[in-house]
Amino acid sequence: MIEQDYLMRFINTFFDSINQIINGISRDDIENVKIQISHSYKLLGNESSFFIDEDFEEIFKLFKTKDGDYLKRVQMLSELMYYDSLIQKNIEIKNNILKKSIYLLEYYIENTKEFSFEINNRLTTMKNELNSFSQ
């Protein structure tokens, strides 16, 4: 019961952070968005550079050491990386983060027992975004 409460608080805290990121992006408050994104990466267990630079196996290994469903963390990281890509000025960095985010979400979709139109729509949005940068 205590573990479930902890996980629910963790998920709620993370998604509160995502909401602050979304609101900051819509207000064009990029400096605060960067701070919130950095904080959110730390909530997931490491600095942004770890998640951006490490290969997927190292990320999955980290998530599997944490309490709860590691696939949920994969989905959460994908969401965070998507928003991180939106604020990047450098196109190469933006593309790399977005590609990683897409891979993570595809991995989540392939390995979860859940089906969600929202998640599938997010994946389509991400792929469209990537295609728009690549052209």
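Rule-based calculations on the coordinates, nothing more; no lab input. On a predicted model such as this, the values are computed, not experimentally measured, just so you know. Note: ideal-geometry Cβ built from the backbone for every residue, glycine included; neighbour counts use all protein chains shown.
Assuming R0 = 25 Å, can you tell me the calculated FRET efficiency for the pair Leu130 and Asp67, based on Cβ-Cβ distance, to the nearest 0.05? The partial results should precede the final answer.
Values: r = 33 Å, r/R0 = 1.30.
Calculated value: 0.15.
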| message | As a test of the formula, what do you get for the chain when each DSSP H run with n ≥ 4 contributes -39,500 (n - 2.57) and the sum is divided by the residue count, at 222 nm and rounded to the nearest 500 deg cm²/dmol? | response | -28000 deg cm²/dmol
| So what is the relative contact order for region 62-134, in percent, with contacts set as C-alpha pairs under 8 Å and at least six apart? | 31 percent
| field | Rel. contact order, % - alpha carbon contacts under 8 angstrom, at least six apart, the chain | value | 19 percent
| request: Figure the gain on full extension for Glu57 and Asn12 (residue separation times 0.36 nm, minus the Cα-Cα span) and round it to one decimal in nm. | output: 13.6 nm
| request: Would you please give the FRET efficiency between Lys89 and Ser116, computed as 1/(1 + (r/R0)^6) with r the Cβ-Cβ distance and R0 = 35 Å, to the nearest 0.05? | output: 0.65
| request: Describe numerically, in nm with one decimal, the distance between label points set 7 Å from Cα along Cα→Cβ at Leu43 and at Ile25. | output: 1.5 nm
| Rounded, prolate or oblate: which fits region 1-126 when a ≥ b ≥ c are the square roots of the eigenvalues of the alpha-carbon gyration tensor, with rounded for a/c under 1.5 and prolate only if a/b beats b/c? | rounded
| query | In which sequence would Tyr107, Tyr83 go, from the one with the fewest C-beta neighbours within 10 Å to the one with the most? | reply | Tyr107, Tyr83
